[in-house]
Ligand code: DX5
Ligand code: ZN
């Protein structure tokens, strides 16, 4: 399994202090920052887009921005997110009819490509070709749209299914993940852990980050 990566979701941070919040997480031991981009179409909420990401990338040199694109037309934003300094562009399989071309477009812009599946989408919706081309597969453990929701345990078997098919890929879980729910995710084969509320809501985020990382690494 690839090494553990902790990616705090800034959706749970103070957006007024976004750059400082990202720096705080990196100081606290996070490897990546998870940037939830919502367009008000694919999901009801609107969060942030490329201009905000560009500010963060400028303000936090070296940051790895794990961009989770909860958008209806993922093809449309590849160039903007690349120009803004995005490191990984993760689109939803439910939102595109041509994931192969999209992955190629993402790679052409020198970003890693991720493919996300929502709770009701089976792991088989990621074909062998798509899974092999992608760098990361994201299994949502809540319905996309907002932070602070309850972890949906029935999504976890999809992590194991994908890990069996793609032993070398990064497999990310996102939604309701905390020190209480991370064990089952890690056992199923997830190595990239997103957590918003559990990290930003903690008095000592660095301790939560360390706990999540150690569960995956052991
Ligand atoms: C949900 C987002 C998640 C969310 C995670 O639509 O994709 O990244 O912010 O937040 P928590 O960890 O609070 O569930
Ligand atoms: Zn997310």
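The values are calculated or read from the model by the stated rules, or taken from the named source; none is laboratory data. As the structure is a prediction and not an experimental result, all values here were calculated from the model. Positions of Cβ are generated from backbone atoms using ideal geometry, with glycine treated the same way; all protein chains shown enter the neighbour counts.
Key figures
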quantity	calculated
Flag if residue 109 is surrounded by fewer than 17 Cβ atoms within 10 Å (Cβ to Cβ), closer than 29 Å to residue 50 by Cβ and either modelled with pLDDT of 95 or more or touching a strand residue (DSSP E or B) at 6+ places or on another chain (Cβ under 6 Å) (or both)	yes
Complete set of residues in region 19-32 that are within 16 Å of ligand 1 (Cβ to nearest atom), outside any loop (DSSP other than H, G, I, E, B) and over 18 Å from residue 148 (Cβ atoms)	22
Any hit, region 110-119, residues being within 28 Å of residue 16 (Cβ to Cβ), touching a helix residue (DSSP H, G or I) at 6+ places or on another chain (Cβ under 8 Å) and not in a strand (DSSP E or B)	yes
Residue list for region 189-212, filter: touching a residue at least 24 places away in the same chain (Cβ under 8 Å), assigned to a helix (DSSP H, G or I) and either surrounded by fewer than 20 Cβ atoms within 10 Å (Cβ to Cβ) or on the phi > 0 side of the Ramachandran plot (or both)	197, 206, 210, 211
Residue selected from region 160-184 under the condition within 21 Å of residue 88 (Cα to Cα) and part of a helix (DSSP H, G or I), by the criterion farthest from ligand 1 (Cβ to nearest atom)	163
Residue in region 53-63 that is modelled with the lowest pLDDT, counting only those that are in contact with a helix residue (DSSP H, G or I) (Cβ under 9 Å, 6 or more places away or on another chain) and either in a loop (DSSP other than H, G, I, E, B) or within 15 Å of ligand 2 (Cβ to nearest atom) (or both)	62
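Residue-wise test of (1) in contact (Cβ under 8 Å) with a residue 12 or more places away in the chain; (2) closer than 29 Å to residue 101 by Cα.
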site: 6; (1), (2): yes, yes
site: 16; (1), (2): no, no
site: 19; (1), (2): yes, no
site: 26; (1), (2): yes, no
site: 37; (1), (2): yes, yes
site: 42; (1), (2): yes, yes
site: 53; (1), (2): yes, yes
site: 63; (1), (2): yes, yes
site: 70; (1), (2): yes, yes
